[in-house]
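The values are calculated or read from the model by the stated rules, or taken from the named source; none is laboratory data. Quick caveat, the model's predicted, so the values are computed rather than measured. Glycine gets a Cβ as well: all are built from the backbone with ideal geometry, and neighbour counts include every protein chain shown. The accessibility values were calculated without ligands, DNA or RNA, using every heavy atom of the protein model including side chains. Shrake-Rupley method; radii C 1.70, N 1.55, O 1.52, S 1.80 Å.
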Amino acid sequence: MKVSVQGVRGSIPTSGSQTTQFGGNTSCVTLMEDGRMIILDGGSGLQKVTLPDPEVKRVDILLTHFHLDHIQGLGFFSPLFDPDKEIHIWGPSSITHNLHSRLNRFLSPPLFPVLMRDLPCEIVLHDVSNSSFEIGPFTITSQFVIHPGATVGFRIKGKSAVFAYVPDHEPALGPKGLIFDKKWISGFELMEEADLLLHDGQFTTEQYGKKIGWGHSSMEDAIQLAEYVGVKRLLLTHHDPAHSDTKLNEILDALKSKHTGQLDFDLAREGMEIELG
Amino acid sequence: MATYDIEIILNRQLADCLSIPVFITDTAGNLIFYNEPAETILGSRFGDTGEMPVEVWGTIFKPLDEKGKPLPPEGLPLVKTLKDQLPHHKVFWIESLKGKPQKISVTSYPIIGRMGKFLGGVAIFWENKDI
């Protein structure tokens, strides 16, 4: 399975000379296996995603949730404007609004000039919750995780590797922080012993103290979590838009120098390509 | 056992922030969490006991009516909530750890998750002020 990181920034795209190393596009990752691609999240990183085979009819996009930084690239993804394409969009269920009505809020004026119903491609919507489903060679588990609004994380099993994707997650929410008991950890089953976990690490511990309840993790919490769930490798993502490359490098150096465990961790960078399995 | 749904996890985190006793059960009535104020009622620490089967923790309380007669379990708020998935409230007496009857108000509510699924129940014990 090949993991390609297309967007790593949280909240808002952050372009400029200060973010060229890690990247300024918001959440998007592609996975490839046996020539089949799935796309995770439709942040601004989606704009530059190209299909491995232009002739392929079906494209699958899995959305963790509907915050703008995870969907703002959808309207700029060229296959949506191709009448020969069948775009399958998977997103978290809500008992009050279906997937169509929530997507339509964004893909319609005044936020977007083209109505969803006027897009030339065929759109097929799939509600997910605590679900399991298959797309080509991928077996996917979705589960609700702690983040404001309906939000899921994904566990994707390919032929010989497991990738876990939980880019927006605050598992330490509460007076005691992380509870180190697998029954009480949001998303535990998604992440358990994954070969690679891409997880929210927006804040430093100091910043997190001022932003409890915003739905994101400190990098230190994410590292502790990854160690507890036994992943082989952790990539921290959803970088704070206020963190320049210089700042992120400083933070990473400090984390590495303080860390005494065996976990292989790093900050996700736009353009990273990782072969798993 | 599988990880609890986040609605249960968030109820625990909320209970951990409160100064009133809170008990959280699964749909079968097994006690899966109680907070520190609740520990003084149960006479045990969650850290020591962990989860408790319904048949164990259900016998710790001795609910009484105003005349000191035992109340049947089916009349208690949490038992009713687990049965009908609705909130309930009742004022009654329990025998305290020191053997004295103590008047309490109990509110229970069902945890109905994001997908409309019944996940468990919560009982809050209020200090009685003749609510």
Carbon and sulfur together cover what percent of the accessible area of the protein assembly as shown at a 1.4 Å probe radius?
-> 52
Only counting protein heavy atoms at a 1.4 Å probe, give the residues of region B:6-54, ordered by number, whose accessible area falls by 40 Å² or more when the other protein chains are present relative to the chain alone.
-> B:6, B:9, B:10, B:12, B:13, B:16
Using θ = phi - 60° and the Karplus relation 6.51 cos²θ - 1.76 cosθ + 1.60, list the HN-Hα couplings for region B:18-29 in order, rounded to whole Hz, with x at every Gly or Pro.
-> 9, 9, 10, x, 10, 10, 10, 10, 7, 5, 8, x
Per the C-alpha gyration tensor (a ≥ b ≥ c, the square roots of its eigenvalues), region B:42-89 is rounded if a/c is under 1.5, else prolate if a/b beats b/c, else oblate; here it's oblate
Using the heavy atoms of the protein chains alone and a 1.4 angstrom probe, what is the accessible area of region A:2-275 per residue in square angstrom?
-> 40
Rounded to the nearest 0.05, what FRET efficiency do residue A:48 and residue A:273 have when you use their Cβ-Cβ distance and R0 = 22 Å?
-> 0.95
What list of ³J(HN,Hα) values in whole Hz, one per residue of region B:66-78 in order, does the Karplus curve 6.51 cos²θ - 1.76 cosθ + 1.60 (θ = phi - 60°) give from phi, with Gly and Pro shown as x?
-> 5, 9, x, 8, x, 8, x, x, 5, x, 7, x, 5
Please grab the % of Cα pairs in the protein assembly as shown that end up more than 30 Å from each other.
-> 47
Interface burial for B against A (accessible surface, 1.4 Å probe, total of both chains, Å², rounded to 100) | 1900
Among rounded, prolate and oblate, which fits region A:133-181 when a ≥ b ≥ c are the square roots of the eigenvalues of its C-alpha gyration tensor, a/c under 1.5 means rounded, and a/b larger than b/c means prolate?
-> prolate
Would you pull out the residues with amide H under 5 Å of residue A:121's amide H, same chain only if 5 or more places away, H placed 1.01 Å from N?
-> A:82
Mind listing the long-range amide H neighbours of residue A:60? Cut-off is under 5 Å, sequence gap 5 or more, other chains count too, H placed in the peptide plane at 1.01 Å from N.
-> A:39, A:88
Long-range amide H partners of residue A:25 with built H, under 5 Å = A:8, A:9, A:14
Binned Cα-Cα distance frequencies in chain B - 10 Å width, integer % = 13, 46, 34, 7, 0
Once Lys and Arg are counted +1 and Asp and Glu -1 for all other residues with Cβ under 12 Å from that of residue A:27, the total becomes -4
Residues residue B:103 and residue A:133, FRET efficiency given R0 of 51 Å [Cβ-Cβ distance, rounded to 0.05] | 0.45
Using a cut-off of 11 Å between beta-carbons, work out the net charge of the residues near residue A:54 (Lys and Arg +1, Asp and Glu -1, residue A:54 not included).
-> -2
For chain A, what is the percent of antiparallel DSSP beta bridges, rounded to the nearest 5?
-> 50
Is region A:82-195 best put as rounded, prolate or oblate by its Cα gyration tensor, with a ≥ b ≥ c the root eigenvalues, rounded for a/c under 1.5, and otherwise prolate when a/b is larger than b/c, oblate when not?
-> oblate
Debye, to nearest 20: dipole size of the protein assembly as shown, +1 on Lys, Arg Cβ, -1 on Asp, Glu Cβ | 1080
HN-Hα J couplings of region A:199-214 from phi, Karplus 6.51/-1.76/1.60, θ = phi - 60°, integer Hz, Gly and Pro as x?
-> 10, 3, x, 5, 10, 7, 4, 5, 5, 4, x, 9, 10, 5, x, 7
What's the FRET efficiency of residue B:48 with residue A:256 using the Cβ-Cβ distance as r and R₀ = 45 Å, to the nearest 0.05?
-> 0.75
Note down the net charge around residue A:108, summing +1 for each Lys or Arg and -1 for each Asp or Glu among other residues with Cβ under 10 Å from its Cβ.
-> +1
